[in-house]
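Trainee: Mind looking over this structure? Questions follow.
All of the numbers you see were taken from the coordinates with simple rules; none came from a lab. Keep in mind the model is a prediction, meaning the values are calculated, not measured. Glycine also receives a Cβ, built like all others from the backbone with ideal geometry; neighbour counts cover every protein chain displayed.
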Amino acid sequence: MVVLALETVTRAGSVAVLRDGVLRGREGDPARTHGERLPGEIVDLLASEGLGLRDVDLFAIVAGPGSFTGLRVGMATVQGLALATGRQVVALPTLEVMVSAWRRGGAAPAPAVAACLDGQRGDVFYAVYRLADVEGAPAGAWPALVTPSVGRPGDLAATIGARVLERPLVAIGSGAERYRTALAGVAGLRVEPYGVPLASAAARLAGESAASAVSPHALRPIYIRRPDAVIARERQRRAAGGDAAPVGEFAVQRARGPEDLAAVEALQRSAFAEPWGAGAFAREAANGAVARIYVMRAASGEVVAYCACWLVVDELHINSLAVAERWRRLGLATRLLDAVSREAQAEGATSATLEVRESNRAGRALYERLGFRVEGVRRDYYQTPREDAIVLWNRDLRERA
């Protein structure tokens, strides 16, 4: 079995390949960005072992917490490789991988370990795991004395001092090394390196937990701290007096409650020959980590348009959009898509895709004005009536920022 693991949560990053129990790993060059190094470093490591991407049986990714940009680059890289090769991916929490790397590096046993990753903004991502009496337990089975959190170095020291009684206590990772002075006042604590590159530890863990692999579409970064762009957007909305994004006399916002979902369902039934089944929008709304349903309201409060979409790593997938018949030809679809696109970009989206009926010339003209281009055809995608779907992509959403 060949496992390929990638880690982009540290500045240098790392990549590793596990082949029939033999591990080869490399750390990256911290002077280069993850985007500059990938996927070249992956291909080079595989080639040095006489392997190609098609030889990989399973991918692994260190899934967070970590820097927003680093996680997005790593997730997108692994997702693309897994999609291209038809393989699955094991996503592993950063702080647990750090503890596993420390244990595999031959460290002396300790009853508890604090994994501390430098957050690069004066913050530390951290968690504390109890290892006493569970030394043989796999990652994920260690009791968390302090669940994954983010805070200032002083918060880390105060939390450990107040909530962790096990001694000696080991602190590992870039956060512990950088803020060693802040931790100096915690009695019985020592700072140690974890020794093994995180990708190498991730490869071992993925090989041991292959049953937890998921399809690349299901990959989700583990965020503890929200992206700066999201925080800035919320500040702007609060300053404007609400969470709706105004567009002329209309407002766009996420659907709320059963009344909004009922209005969206009714609008879709009136607009499409093949509407979604009953309860589909409610199921979408419940999956808020990926799915988004936006409604556009008139000044009266009436829902006049909607957009249902997914945000998959850095791709916006527009699944359904409609404008109520009496509100058409007023440019509302363009306004709605602009608002949705801006929100998606604030959360890391760089491209967008959708499909339309081949005969929907008005829709295709709209999307082409918005920067979408035809990149494929899905034969007989629609059934009532039977018709091909035209697949469109906008590969650079910034063009309309």
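Trainee: For a Förster distance of 35 Å, can you work out the FRET efficiency between the beta-carbons of VAL377 and ALA218, rounded to the nearest 0.05?
Mentor: That gives a FRET efficiency of 0.85.
Trainee: Continuing with the same structure: At R0 = 45 Å, how high is the FRET efficiency between TRP327 and THR69 if r is their beta carbon distance? Nearest 0.05 is fine.
Mentor: The formula returns an efficiency of 0.70 here.
Trainee: Let me ask something additional. Mind sorting HIS217, HIS34, HIS317 by how few other Cβ atoms lie within 10 Å of their own Cβ, fewest first?
Mentor: Lowest to highest Cβ neighbour count: HIS217, HIS317, HIS34.
Trainee: Please give the Cα centre distance for region 324-401 versus region 46-119, rounded to the nearest Å.
Mentor: Each part reduced to its Cα centre gives a spacing of 34 Å.
Trainee: Report the gain in length on full extension from ARG398 to ALA47: 0.36 nm times residue separation, minus Cα-Cα distance, nm rounded to one decimal.
Mentor: That works out to 122.8 nm of additional length.
Trainee: Let me make sure I get this right: for region 82-130, a, b and c are the square roots of the gyration tensor eigenvalues over alpha carbons, sorted descending. Under 1.5 in a/c it's rounded, otherwise prolate if a/b > b/c, else oblate. Which is it?
Mentor: Cα axes put region 82-130 in the oblate bin.
Trainee: About the Cα centre, and with charges only on the beta carbon of Lys, Arg (+1) and Asp, Glu (-1), how big is the dipole of region 68-215? Nearest 20 debye, please.
Mentor: Computed charge dipole of region 68-215: roughly 180 debye.
Trainee: Quick one: ARG292, ARG204, ARG11, fewest Cβ neighbours within 10 Å first, how do they rank?
Mentor: Ranking ARG292, ARG204, ARG11 by Cβ neighbours within 10 Å, fewest first, gives ARG11, ARG292, ARG204.
Trainee: Okay, moving on. DSSP loop GluC sites (Glu not before Pro) in region 134-213 with at most 13 other Cβ atoms within 10 Å of their Cβ, which ones?
Mentor: GLU135
Trainee: Give me the net charge of SER200's neighbourhood, meaning all other residues with Cβ under 11 Å from the Cβ of SER200; Lys, Arg count +1, Asp, Glu -1.
Mentor: Surrounding charge for SER200 is +2.
Trainee: If you take the Cα atoms of region 108-192, find Rg, then find the Kirkwood Rh from the mean of 1/r over all pairs, what is Rg/Rh?
Mentor: Here the Rg-to-Rh quotient is 0.94.
Trainee: Something else now. Under 15 Å from a point placed 7 Å out from the Cα of ARG254 along the Cα-to-Cβ direction: which residues of region 303-332 have their backbone N that close?
Mentor: Answer for this model: 307-312.
Trainee: Which of ALA344, LEU95, HIS34 sits farthest toward the positive end of the charge dipole of the chain, with +1 on the Cβ of Lys and Arg and -1 on the Cβ of Asp and Glu?
Mentor: ALA344
Trainee: How would you rank VAL17, VAL43, going from fewest to most other Cβ atoms within 10 Å of each one's own Cβ?
Mentor: Ranking VAL17, VAL43 by Cβ neighbours within 10 Å, fewest first, gives VAL43, VAL17.
Trainee: With θ taken as phi - 60° and the coefficients 6.51, -1.76 and 1.60, list the Karplus ³J(HN,Hα) couplings across region 269-285 in order, rounded to whole Hz; mark glycine and proline as x.
Mentor: Rounded to whole hertz, the list is 4, 7, 9, 10, 6, 10, x, 5, x, 4, x, 5, 5, 5, 5, 4, 4.
Trainee: Taking H placed 1.01 Å from N in the peptide plane, check which residues at least 5 places from VAL90 or on another chain put their amide H under 5 Å from its amide H.
Mentor: PHE59, ALA60, ILE61, VAL214
Trainee: Could you run the Karplus curve 6.51 cos²θ - 1.76 cosθ + 1.60 with θ = phi - 60° over region 46-51 and give me ³J(HN,Hα) per residue in whole Hz, x for Gly and Pro?
Mentor: 4, 4, 5, 9, x, 10
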